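Enquirer: Okay, here's the structure, questions in a sec.
The values are calculated or read from the model by the stated rules, or taken from the named source; none is laboratory data. None of the values given here were measured: they were computed from a predicted structure. For neighbour counting, all protein chains shown are included, and Cβ atoms are generated from backbone atoms with ideal geometry for every residue, glycine included. Ligands, DNA and RNA are stripped out before the accessible areas are found, and what is left, the full protein with its side chains, is counted by its heavy atoms. Shrake-Rupley method; radii C 1.70, N 1.55, O 1.52, S 1.80 Å.
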Amino acid sequence: MRITVMDNAREIGKAVGRMFVDAINEKPDITLGLATGASPIPTYKYICKACESGKVSLKNVSTYNLDEYVNLPRSDKNSYYSFMHEQLFDRTDIKEKNIHFLNGNARDTEKECRKYDEMLEKAHIDIQLLGVGRNGHIGFNEPSICFSKGSFKVKLTQSTINANKKYFSENPMPTEALTMGVGSIMKAKKIVLIATGIEKADAIAALVNGDVTPVCPVSILQFHHDVEIFLDKAAASLL
Ligand code: F6R
């Protein structure tokens, strides 16, 4: 596990963005696992700028997003589908057919999860980008009594609802989501995690110094052989 502490989220975005641009230039048909939320926004900004100025092309890149809310139309501005299009996809030359999401509106969510897992199994994610919840969640794998292997429907915890409800000014925030399982996340060849702000300090301390336990899902990353962690000083303050 390699840890880099930087001054602020912008600097982290530049460093991680550069890492992704280099990886795409090295392997133009790379498969990326992507996260939503505030943490990856500066990274996506960097990639968009690089694409707009011709320094990288995403036309052969494939992506798999970690999670999606249940029963929120894709067209809703708060769906992760909309978020990704706004923050990254619409500002690059990625092809829509290469973009993959769990469908939170599927009538049979169990079937949808098995279908996504089959796709992930074939996809072999090269780099998985992660944020982390205040409660240690990755994707929407909330603290639990066991790690989940494949994708599943999760009931979001109060901590996650408290952290994300600020985005839902018009409609109430969904309380369920579909998420990739910890098992699928761990299959990525490389994992890059970004955490900024004091509210992430406990989860980061548990990840670096704690036991591996599903009570703090991010702790599983201790068992991955290629993890890079980018923190600001506040998120690193309990290390
Ligand atoms: C989002 C996701 C979540 C977030 C986490 C941190 O796709 O998988 O695990 O990464 O909730 O969110 P931010 O970055 O908004 O603090």
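Enquirer: Does segment 12-30 hold any residues that are charged (D, E, K, R) and under 17 Å from E52 (Cα atoms), and which are they?
Expert: K14, R18, D22
Enquirer: On to the next question. Consider only pairs whose beta carbons are under 9 Å apart and that are at least six residues apart or on different chains; among these, list those whose first residue lies in segment 144-168 and is in contact (Cβ under 8 Å) with a residue 60 or more places away in the chain and whose second residue is open to solvent by 80 Å² or more (accessible area, probe 1.4 Å).
Expert: These pairs meet every condition: S144/V215; I145/V215; K153/E110; Y167/K77.
Enquirer: Just the residues that are within 17 Å of H100 (Cα to Cα) and either open to solvent by 30 Å² or more (accessible area, probe 1.4 Å) or near the ligand (Cβ under 10 Å from one of its atoms) (or both), please, taken from segment 118-152.
Expert: Correct list: E118, M119, E121, K122, H124, L129, L130, G139, F140, F152.
Enquirer: Could I ask something else about it? Could you count how many residues in segment 49-75 are open to solvent by 30 Å² or more (accessible area, probe 1.4 Å) and either within 16 Å of the ligand (Cβ to nearest atom) or not basic (K, R) (or both)?
Expert: 9
Enquirer: Can I ask one more? When you go through (1) closer than 23 Å to G183 by Cβ; (2) of a type in the set (G, A, S); (3) within 15 Å of the ligand (Cβ to nearest atom) one by one for S82, which number turns out not to apply?
Expert: Going through the list (1) closer than 23 Å to G183 by Cβ; (2) of a type in the set (G, A, S); (3) within 15 Å of the ligand (Cβ to nearest atom), S82 breaks only (1).
Enquirer: Same structure, new question: Which residues, counting only those in segment 182-209, are over 24 Å from G13 (Cβ atoms) and in contact with a strand residue (DSSP E or B) (Cβ under 6 Å, 6 or more places away or on another chain)?
Expert: Hits for segment 182-209 are V182, A206.
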